[in-house]
Amino acid sequence: MSLFRKTKETEPKGVSAAKEREELITLEEERIYRRGAVSVRDIVAPASLQITPAHVKLGGTFTRTIFVVAYPRYIAVGWFAPIVNLASSLDIGMFFYPVASSIILKQLKKKAGALEAQILGDTEKGAPRDPIRETALRDVEKLRDDLTQGIEKFFQFALYVTVYARSLEELDKHSIMVEELFGSKLIYSKKVFFQAEQGFNATIPLGVDKLMVPFNMNSSPIASSFPFISADLTSDNGILYGINRHNNSLILFDRFSLQNANMVVFATSGAGKSYSVKLEILRSLMLGTDVIVIDPEAEYKHLAEAVGGTYVNISLASPAKVNPFDLPRPVGEETRTEDVIRSAVITLKGLLRLMLSQFTPEEDALMDRALLETYAKKDITAAADLAKVEAPVVTDLLEVLEGMEGGASLAERLKKYTSGTFSGLINNPTNVDMRNQLVVFSVRDLEDELRPIAIYTLVNYLWNIVRSERKKRILVIDEAWWLMQHEDSAKFIFALVKRARKYYLGVTTITQDVNDFLLNDYGKAIVTNSALQLLLKQSPAAIELIQKTFMLTEGEKYLLLESAVGEGIFFAGPKHAAIKVVASYTEDQIVTTDPRQLLEIEAAKKEFEQQLTK
């Protein structure tokens with residue numbers, strides 16, 4: 001230090017001043033540069049910060065920290081899962097402070113001695129035994145043994161949860177929800193007061209515990225508190241839906257083991273929804289489940305041919321016909337013929353509204369009476385045996401309307417389906433053979449105007465088949481948004497989904513037009529009544545609605561936006577997991593929807609047939 005001073009003293013005065021000016025200029029330049037540079041702290045810092053006794057306000061976001069004070073004697077593994085999976089933004093802070101076993105063993109020895117003395121004292125006085133003290137003594141002795149043998153370690157454990165909200169009302173709501181979840185596990189928690197800043201700092205990734213509210217706990221219960229939880233959807237029976245992307249386990253599930261067997265599939269075009277459903281169909285067939293498919297784009301033809309299924313093409317010129325007037329056979333003594341006929345009339349009125357547009361109240365009453373008379377014309381009354389009757393056709397309804405006062409207008413509008421352009425669609429007795437494990441109905445060759453009518457008729461016919469014989473079945477309705485466009489057909493599909501469980505039926509509805517489906521009240525109700533849900537890649541236009549409907553976190557939202565083909569989220573009742581749909585080579589050749597692959601398969605098939613003819 002003295003040498004430095006000596007050097008400074010020997011320097012000329014002008015040189016020293018010049019150096020000082022140079023240092024000042026350098027410092028000023030550094031200050032100017034840093035003022036214009038952006039650091040990580042600048043990026044993560046909020047625009048404003050307001051600290052109050054009960055919460056912290058970061059910009060427009062309100063936060064509050066909840067800390068755990070005490071735990072019950074036993075806590076189950078995964079008890080923290082309901083809070084981790086809560087559909088709101090949370091930050092969780094866990095702090096572990098190791099305590100030397102020797103210190104704890106001394107304390108436990110004193111505690112065990114005190115408990116034994118109290119128990120002996122009660123015994124000598126003739127007082128009744130105290131099970132609480134006896135249980136506490138057993139717990140202390142077991143913990144002493146485990147600590148001595150090195151089986152357990154001892155810690156002071158602090159657990160904090162910070163909730164986020166956009167308003168104080170929402171913050172209070174989320175805080176109460178978290179406290180109630182803790183309370184349901186007999187865990188006592190409190191909200192911070194005059195420590196809002198310390199609580200917030202304890203849950204951000206700084207690793208600093210500013211609250212210091214630890215609880216004495218050994219390693220086993222601490223391990224049960226870890227939030228690293230992945231939903232396991234592996235069961236002993238069922239089919240393979242895909243791979244769990246969280247832990248690479250198999251998602252094996254039996255849809256008929258849930259409260260209902262219904263399923264909805266939402267995805268953009270080309271995301272793999274038909275591929276996934278066809279895989280499920282193929283694997284369900286192996287387990288003996290009957291499958292019926294309504295196919296709007298002839299995508300299931302190759303699958304039907306590969307497994308020996310029945311492929312029915314519904315069009316104006318097709319020989320295959322389905323009669324909307326068909327009735328189910330009564331099942332069980334509780335089903336009355338009169339109820340079956342009335343139900344058929346209500347369903348037919350919904351179809352006729354699609355065909356003839358809306359009715360006035362007078363036309364509705366007239367049509368109701370005409371349908372009953374049409375059935376009566378074929379001796380189908382409350383006393384009839386439905387197993388032996390012949391169902392009427394649309395021409396019979398036309399004749400009844402022409403003979404009724406006020407029915408001329410309806411009859412004229414109905415002629416388009418009996419003798420006009422659309423006469424080949426629904427004006428014939430049913431001649432479809434349903435005696436196959438897989439039956440596919442294709443409506444690709446129908447005009448867009450006729451598709452809702454044809455699909456409604458098919459679904460009604462299939463519903464009659466289902467009600468006539470109870471057996472394990474899956475009904476797949478592809479591009480279900482066609483039916484959501486009309487109130488009557490949407491209402492009919494909802495009623496079908498709601499009642500399917502009673503007849504051992506699982507309904508799968510598939511759509512790529514998520515907005516058309518979910519903005520419809522019946523569409524939302526169908527989702528609510530479907531225990532299985534498969535969400536694959538979504539478009540940015542629909543993701544907000546999807547997130548709100550399925551209560552997705554921000555991470556799950558971006559997962560759906562960025563998913564590859566065949567990847568998404570699989571919901572099964574209360575559980576859900578990220579899924580990747582996988583298929584073997586043979587399965588892929590059967591269920592693929594890739595036009596290039598299909599052309600290659602067709603070419604190989606033709607080449608094989610040519611070799612056989614040679």
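The values are calculated or read from the model by the stated rules, or taken from the named source; none is laboratory data. Please read these numbers as outputs of a predicted model, since none were measured by experiment. Here Cβ is always computed from backbone atoms with ideal geometry, including for glycine, and neighbour counts include all displayed protein chains.
Listed by first and then second residue, the pairs with beta-carbon distance under 7 Å, at least 6 apart or on different chains, first residue in segment 331-344 and at pLDDT 80 or above, second β-branched (V, I, T), are I341/I380. Tell me, yes or no, whether segment 149-172 has at least one residue that is free of Cβ contacts under 8 Å to residues at least 40 places away in the same chain and over 19 Å from V99 (Cα atoms). For segment 149-172, residues free of Cβ contacts under 8 Å to residues at least 40 places away in the same chain and over 19 Å from V99 (Cα atoms): present. Restricting the search to segment 473-514, which residues are without any contact (Cβ under 8 Å) to a residue 60 or more places away in the chain, surrounded by fewer than 22 Cβ atoms within 10 Å (Cβ to Cβ) and part of a loop (DSSP other than H, G, I, E, B)? Selection gives Q485, D513.
What are the residues in segment 83-106 that are closer than 30 Å to L171 by Cα, touching a Leu at 6+ places or on another chain (Cβ under 9 Å) and of a type in the set (A, V, I, L, M), if any?
Listed by number, the residues that qualify are I83, V84, L86, A87, I92, M94.
Filtering segment 26-51 to residues that are more than 30 Å from G199 (Cα to Cα) and in a helix (DSSP H, G or I) leaves T26, L27, E28, E29, E30, R31, I32, Y33, R34, R35, G36. Selection of segment 147-181 for residues being surrounded by fewer than 18 Cβ atoms within 10 Å (Cβ to Cβ), in contact with a Lys or Arg (Cβ under 9 Å, 6 or more places away or on another chain) and more than 25 Å from P205 (Cα to Cα) yields an empty set.
When you scan segment 462-482, do you find a residue that is within 28 Å of the chain's Cα centre (by Cα), within 24 Å of D396 (Cα to Cα), in the same structural domain as A267 (by TED's automatic domain parsing) and not charged (D, E, K, R), even just one? Scanning segment 462-482, I find at least one residue that is within 28 Å of the chain's Cα centre (by Cα), within 24 Å of D396 (Cα to Cα), in the same structural domain as A267 (by TED's automatic domain parsing) and not charged (D, E, K, R), so the answer is yes. Can you tell me which residue in segment 515-555 is surrounded by the fewest Cβ atoms within 10 Å (Cβ to Cβ), limited to those that are under 22 Å from N260 (Cα atoms) and over 13 Å from the mean Cα position of the chain (by Cα)? So, considering only residues that are under 22 Å from N260 (Cα atoms) and over 13 Å from the mean Cα position of the chain (by Cα), the one surrounded by the fewest Cβ atoms within 10 Å (Cβ to Cβ) is D521. Filtering segment 339-378 to residues that are part of a helix (DSSP H, G or I), more than 17 Å from E402 (Cβ to Cβ), over 35 Å from the mean Cα position of the chain (by Cα) and among the small types (G, A, S) leaves only A365. Within segment 104-122, is even one residue outside any helix (DSSP H, G or I), surrounded by 14 or more Cβ atoms within 10 Å (Cβ to Cβ) and in the same structural domain as N218 (by TED's automatic domain parsing)? The answer is no, given that none of the residues of segment 104-122 is outside any helix (DSSP H, G or I), surrounded by 14 or more Cβ atoms within 10 Å (Cβ to Cβ) and in the same structural domain as N218 (by TED's automatic domain parsing). Taking segment 188-218 as the range and being within 29 Å of D145 (Cα to Cα), surrounded by fewer than 16 Cβ atoms within 10 Å (Cβ to Cβ) and within 37 Å of the chain's Cα centre (by Cα) as the test, only Y188 passes. Taken together, I251, I314, I281 contain a single residue that is under 26 Å from D433 (Cα atoms) and either in contact with a Leu (Cβ under 6 Å, 6 or more places away or on another chain) or at pLDDT below 90 (or both), which is I314. The residues on offer are E556, E587, E600, E609, and the sole one that is outside any loop (DSSP other than H, G, I, E, B) and in contact (Cβ under 8 Å) with a residue 24 or more places away in the chain is E587. Within segment 439-454, one or more residues are under 30 Å from L287 (Cα atoms) and touching a Phe, Trp or Tyr at 6+ places or on another chain (Cβ under 6 Å).
Of all the residues in segment 127-185, those that are of a type outside the set (S, T, N, Q) and either closer than 28 Å to L90 by Cα or assigned to a loop (DSSP other than H, G, I, E, B) (or both) number 35. Restricted to strands (runs of 3 or more DSSP E) entirely inside segment 256-329, those with at least 3 residues that are buried (at least 21 other Cβ atoms within 10 Å of the Cβ), in the same structural domain as S539 (by TED's automatic domain parsing) and touching a strand residue (DSSP E or B) at 6+ places or on another chain (Cβ under 8 Å) are 263-266, 290-295.
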